[in-house]
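Structure first, commentary second.
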Amino acid sequence: MIKPNIKTELLARREKLLAQMKPNSVALFFASPEVVRSNDTHYPYRQNSDFWYFTFFAEPEAVLAIIKQEDNSCRYVLFNRKKDPVAETWTGYRLGQQAALETIFVDEAYLFDEISTVLPDLLNGKTAIYHADQQYDYADQLVKQALTTLRQGARLNLSAPTTLIDWRPVVHEMRMFKSDFEMAILREACKISAQAHVRAMQKCKPLMYEYQLEAEILHEFARHGARWPSYNTIVGGGNNGCILHYENNSEPLNTGDLVLIDAGCEYQYYAGDITRTFPINGKFSQAQREIYDIVLASQYQAIKLFKPGTSIQEVNQKVVRTMVEGLVKLGIMQGDVETLIADKAYSTYYMHGLGHWLGMDVHDVGSGRDRLLEPGMVLTVEPGLYINQDSDVPDRYKGIGIRIEDNILITQSGNQVLTSDVPKDPDEIEKLMRT
């Protein structure tokens with residue numbers, strides 16, 4: 001378990017937000033509501049990433065108010081559930097208000113049930129409110145009720161904020177740049193994710209079921225303290241590997257086929273996201289290796305190109321050329337390379353983007369793929385080729401789906417691969433599977 005200096009990190013994040021807030025304003029952050037799975041059972045609770053970013057608090061029914069006064073001083077106010085011995089007997093420990101002052105580092109803590117009366121007081125006389133509208137219905141209702149109370153109290157000298165600002169652009173820009181604190185956790189998430197992929201390669205045998213390989217991965221996650229995957233694990237054997245978000249994981253793994261595994265753990269609220277594709281029987285066929293080599297060359301090319309000042313979009317254009325040239329050479333695509341690229345004919349076999357931001361959410365927040373990269377950003381690099389059984393190609397290539405995905409940190413001089421512990425060179429994969 002990584003335990004860096006929590007207080008220093010939390011206060012630094014809040015102060016960075018405060019520096020971008022207007023004087024005499026309030027920013028509100030709401031916890032995720034619980035989600036019913038069936039009847040009276042719930043999905044495992046997962047806190048809203050933005051709320052966690054400023055609190056490290058994992059309970060539902062909670063609200064954080066970050067208040068910037070007219071003189072630029074600040075107050076932190078938390079609303080959370082009350083201590084309740086009976087409820088805690090059934091559903092677990094609650095932090096309560098007194099402990100929140102000491103562990104969430106707030107100036108005041110109120111019962112969540114008091115928010116309808118206290119929130120208007122916090123907003124009274126403020127000129128602006130920062131709120132993520134339409135994120136949660138209960139949050140919008142609480143804000144609307146507080147503003148209505150203030151507007152109806154004008155004769156009592158109550159005054160509602162006149163400016164509503166969405167904090168997401170500011171906060172999500174902050175989250176794009178990972179601190180040393182965050183990187184320590186992210187590295188561990190990537191390390192555990194890589195160990196799970198290594199285990200899958202070692203355990204894979206023909207006639208196993210996809211879900212049995214998934215179980216090996218999830219066990220490895222949990223064994224290292226990552227209780228949950230950061231997304232639903234994909235284990236696609238044969239043609240199932242051509243389904244980008246295949247999640248059934250219900251079919252047998254047949255000798256002679258490849259298996260595509262897209263899996264990552266969530267560790268202390270940070271996500272790993274790795275994809276590897278390998279032969280179920282431990283040996284690539286010639287056709288499989290021909291396609292694999294194109295994808296691997298494309299990924300190596302992309303990783304080499306990613307550095308400050310480039311963009312995902314720019315690098316993807318170069319990767320597309322490499323893949324099209326490779327497919328034309330194999331006879332899978334026919335025609336002039338320039339024309340095929342201009343017509344996007346490659347999208348039959350490569351239909352997704354080259355990568356995405358990575359952090360507290362596996363598809364993390366941040367601006368688009370044309371954004372120029374800067375040090376501190378973390379992203380995935382995941383080219384792929386998918387030639388399903390119905391493709392009009394030579395039979396030896398049908399049913400081959402290959403994706404290779406790593407996670408990288410952009411540095412001052414280039415990038416650092418965070419997931420290099422799991423092999424992707426085909427010879428190294430075959431060697432590992434023999435052990």
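The values are calculated or read from the model by the stated rules, or taken from the named source; none is laboratory data. Just so we're clear, the structure is a prediction, and the values are computed from it rather than from any experiment. Heads up, the Cβs are rebuilt from the backbone with ideal geometry, glycines too, and the neighbour counts pull from every protein chain shown.
Out of (1) among the charged types (D, E, K, R); (2) in a loop (DSSP other than H, G, I, E, B); (3) under 24 Å from Gln202 (Cα atoms); (4) free of Cβ contacts under 8 Å to residues at least 12 places away in the same chain, the odd one out for Asp392 is which?
(3)
This table checks each residue for (1) over 19 Å from Ala302 (Cα atoms); (2) charged (D, E, K, R); (3) surrounded by fewer than 22 Cβ atoms within 10 Å (Cβ to Cβ).
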{"position": "Thr348", "(1), (2), (3)": "yes, no, yes"}
{"position": "Gly355", "(1), (2), (3)": "no, no, no"}
{"position": "Val362", "(1), (2), (3)": "yes, no, yes"}
{"position": "Arg371", "(1), (2), (3)": "no, yes, yes"}
{"position": "Gly376", "(1), (2), (3)": "no, no, yes"}
{"position": "Asp425", "(1), (2), (3)": "no, yes, yes"}
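Would you be able to say whether some residue in region 222-232 is touching a Gly at 6+ places or on another chain (Cβ under 9 Å), among the charged types (D, E, K, R), in the same structural domain as Tyr349 (by TED's automatic domain parsing) and at pLDDT 95 or above? If you could, list the steps in order and put the result at the bottom.
To start, the set of residues in region 222-232 that are touching a Gly at 6+ places or on another chain (Cβ under 9 Å) comprises 226, 229-231.
Among the residues that remain, those that are also among the charged types (D, E, K, R) are: none.
No, every residue in region 222-232 fails to be touching a Gly at 6+ places or on another chain (Cβ under 9 Å), among the charged types (D, E, K, R), in the same structural domain as Tyr349 (by TED's automatic domain parsing) and at pLDDT 95 or above.
Please go through region 34-80 and pick out each residue that is over 19 Å from Asp137 (Cα atoms) and in contact with an Asp or Glu (Cβ under 7 Å, 6 or more places away or on another chain).
Residues satisfying the conditions are Arg75, Tyr76, Val77.
Results for (1) assigned to a helix (DSSP H, G or I); (2) surrounded by fewer than 22 Cβ atoms within 10 Å (Cβ to Cβ), shown as yes or no for each residue.
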position: Arg396; (1), (2): yes, yes
position: Ile402; (1), (2): no, no
position: Asn407; (1), (2): no, no
position: Gln412; (1), (2): no, yes
position: Gln416; (1), (2): no, yes
position: Thr419; (1), (2): no, no
position: Val422; (1), (2): no, no
position: Glu428; (1), (2): yes, yes
position: Met433; (1), (2): yes, yes
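Please tell me if Gly376 is part of a loop (DSSP other than H, G, I, E, B) and either of a type outside the set (Asp, Glu) or in contact with a strand residue (DSSP E or B) (Cβ under 7 Å, 6 or more places away or on another chain) (or both).
When the stated conditions are applied, Gly376 passes them.
Matching residues to (1) more than 30 Å from the chain's Cα centre (by Cα); (2) more than 15 Å from Ile115 (Cα to Cα); (3) among the aliphatic types (A, V, I, L, M); (4) loosely packed, with under 14 Cβ neighbours inside 10 Å:
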position: Pro60; (1), (2), (3), (4): no, no, no, no
position: Ala65; (1), (2), (3), (4): no, no, yes, no
position: Val86; (1), (2), (3), (4): yes, yes, yes, yes
position: Gln97; (1), (2), (3), (4): yes, no, no, no
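When Gly282 is evaluated against the numbered criteria (1) farther than 15 Å from Tyr386 by Cα; (2) touching a residue at least 12 places away in the same chain (Cβ under 8 Å); (3) assigned to a helix (DSSP H, G or I), which criterion, by number, is the only one it fails?
Result: Gly282 fails condition (3) only.
Matching residues to (1) surrounded by 13 or more Cβ atoms within 10 Å (Cβ to Cβ); (2) out of contact with any helix residue (DSSP H, G or I) (no Cβ under 6 Å at 6 or more places or on another chain); (3) within 25 Å of Ile165 (Cα to Cα); (4) not hydroxyl-bearing (Ser, Thr, Tyr):
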position: Tyr93; (1), (2), (3), (4): no, yes, no, no
position: Ala109; (1), (2), (3), (4): yes, no, yes, yes
position: Asp113; (1), (2), (3), (4): no, yes, no, yes
position: Thr127; (1), (2), (3), (4): yes, yes, yes, no
position: Ala132; (1), (2), (3), (4): yes, no, yes, yes
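For Val171, are the conditions met, namely being within 30 Å of Ile6 (Cβ to Cβ) and modelled with pLDDT of 95 or more? Even if it seems obvious, please write down each step before you answer.
Working: within 30 Å of Ile6 (Cβ to Cβ): yes; modelled with pLDDT of 95 or more: yes.
Taking the combined requirement at face value, the residue satisfies it.
Give the residue that is surrounded by the most Cβ atoms within 10 Å (Cβ to Cβ), with candidates limited to residues of region 315-346 that are in contact (Cβ under 8 Å) with a residue 40 or more places away in the chain and assigned to a helix (DSSP H, G or I).
Quick first cut of region 315-346, residues in contact (Cβ under 8 Å) with a residue 40 or more places away in the chain only: 316, 319, 323, 327, 330-332.
With assigned to a helix (DSSP H, G or I) added as a condition, the list becomes 316, 319, 323, 327, 330.
Values: Asn316: 20, Val319: 22, Met323: 23, Leu327: 26, Leu330: 16.
Among those residues, the one meeting the criterion is Leu327.
Suppose we filter region 316-340 for residues that are farther than 14 Å from Tyr350 by Cβ and under 32 Å from the mean Cα position of the chain (by Cα); how many remain?
0
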